[in-house]
Amino acid sequence: MNGAALDRLRNGLIVSCQAAPGSPLANRGLMAYMAEAAEAGGAVAIRAEGLQDIKAIKEAVSIPIVGLIKLKSEETPVVITPLLENVYALLEAGVDLIAVDATLRKRVDGTLGNDFVAQAKAIGAQVVADIDNLESAIAAEESGAIAVFTTLSGYTNGEVPEFPDLDLVKSCSNHCSVPVIAEGRYNSPELVSQAFQAGAWSVCVGSAITDPWLSTKRFIKAINSKV
């Protein structure tokens, strides 16, 4: 899949099939079924984490897969595809696009997100950059990312906001020449529509579709705030 193939994602919905740590859905081999259901419902791509789930999803769907590996470390806050060996493993698994943390935060070896984008591109990856602000988006594009995801907006500095960062989608759309894919807290069709109005190429939705545990917790929180 090359940059031109991103046309397949335009004006479409990407569904993230990942079970959060602690979810009853995690580590039970269910994400391939979620992905199959998402494709049947009209999703244009699947975002998936972990080699085991990715391999199962690849067998279950025919639409593109945006793959990543999460790896936590006490030495860096970077979690999403932090190592080149992760990129090699994802290439081996046959994903179409590889998502990496492209924020301007230091990895274990001291490199920043845009440096890592360039390294991943150099070994043959089609890199999409998970960014948290306009500066990291521009740096990622300059380093070879073929699209930017607003995945990490609100997650790298302070308390996580309730609503998605539509302003960042608009800013990136105005200042980046690569597609901007809105992701992060788009938990209603209305918010998805607003993302497209802000200039999104496509929108990625996760737990609102594929994790009833987190969705239920959000509803309970809303109820409790009114009682």
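The values are calculated or read from the model by the stated rules, or taken from the named source; none is laboratory data. This structure is a prediction, so every number in the text was calculated from the model and none was measured. Counting neighbours? That spans all protein chains shown, and the Cβs are built from the backbone with ideal geometry, glycine included.
I'd like to check something: does the stretch 68-87 contain any residue that is of a type in the set (Gly, Ala, Ser) and within 18 Å of the chain's Cα centre (by Cα)? No; the residues of the stretch 68-87 include none that is of a type in the set (Gly, Ala, Ser) and within 18 Å of the chain's Cα centre (by Cα).
Checking each residue in the stretch 162-179 for being under 16 Å from the mean Cα position of the chain (by Cα) and farther than 25 Å from Ser215 by Cβ picks out Cys172, Val178, Pro179. Please give the number of the condition Leu91 fails out of (1) modelled with pLDDT of 95 or more; (2) over 23 Å from Lys55 (Cβ atoms). If we test Leu91 against (1) modelled with pLDDT of 95 or more; (2) over 23 Å from Lys55 (Cβ atoms), just (2) comes out false. Scanning the stretch 91-113 for residues that are surrounded by fewer than 24 Cβ atoms within 10 Å (Cβ to Cβ) and in a helix (DSSP H, G or I) yields Leu91, Glu92, Ala93.
For Ala99, state whether it is within 21 Å of Asp115 (Cα to Cα), within 17 Å of the chain's Cα centre (by Cα) and not polar (S, T, N, Q). So Ala99 passes the test.
Quick grid of which residues meet (1) under 16 Å from the mean Cα position of the chain (by Cα); (2) of a type in the set (D, E, K, R):
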{"site": "Cys17", "(1), (2)": "yes, no"}
{"site": "Ala20", "(1), (2)": "yes, no"}
{"site": "Pro24", "(1), (2)": "no, no"}
{"site": "Gly29", "(1), (2)": "no, no"}
{"site": "Ala35", "(1), (2)": "yes, no"}
{"site": "Val44", "(1), (2)": "yes, no"}
{"site": "Glu49", "(1), (2)": "yes, yes"}
{"site": "Lys58", "(1), (2)": "no, yes"}
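One residue alone among Val205, Val180 is modelled with pLDDT of 95 or more, farther than 24 Å from Ala20 by Cβ, surrounded by 24 or more Cβ atoms within 10 Å (Cβ to Cβ) and of a type in the set (Val, Ile, Thr), and that residue is Val180. Scanning the stretch 43-90 for residues that are closer than 16 Å to Cys204 by Cα, out of contact with any Gly (no Cβ under 8 Å at 6 or more places or on another chain) and part of a loop (DSSP other than H, G, I, E, B) turns up Ile63, Pro64. In the stretch 53-72 there is at least one residue that is touching a residue at least 24 places away in the same chain (Cβ under 8 Å), surrounded by 17 or more Cβ atoms within 10 Å (Cβ to Cβ) and acidic (Asp, Glu).
Answer yes or no as to whether Ala198 is in contact (Cβ under 8 Å) with a residue 12 or more places away in the chain, closer than 22 Å to Pro64 by Cα and buried (at least 17 other Cβ atoms within 10 Å of the Cβ). No; evaluated as a whole, the condition is false for this residue.
Residues in the stretch 121-128 include none that are within 19 Å of Thr150 (Cβ to Cβ), without any contact (Cβ under 8 Å) to a residue 60 or more places away in the chain and of a type in the set (Gly, Ala, Ser). Counting the residues of the stretch 1-14 that are in a loop (DSSP other than H, G, I, E, B), at pLDDT below 85 and surrounded by 13 or more Cβ atoms within 10 Å (Cβ to Cβ) gives 1.
Only residues that are crowded, with 23+ Cβ neighbours inside 10 Å and touching a strand residue (DSSP E or B) at 6+ places or on another chain (Cβ under 6 Å) were counted across the stretch 126-147, and they come to 9. For the stretch 15-35, the set of residues classified as crowded, with 17+ Cβ neighbours inside 10 Å and either at pLDDT 95 or above or farther than 18 Å from Trp213 by Cβ (or both) consists of Val15, Ser16, Cys17, Gln18, Leu30, Met31, Ala32, Met34, Ala35, listed by residue number.
Residue-wise test of (1) more than 30 Å from Ser173 (Cα to Cα); (2) without any contact (Cβ under 8 Å) to a residue 60 or more places away in the chain.
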| position | (1), (2) |
| --- | --- |
| Arg8 | no, yes |
| Asn11 | no, no |
| Ser23 | yes, no |
| Gly29 | yes, yes |
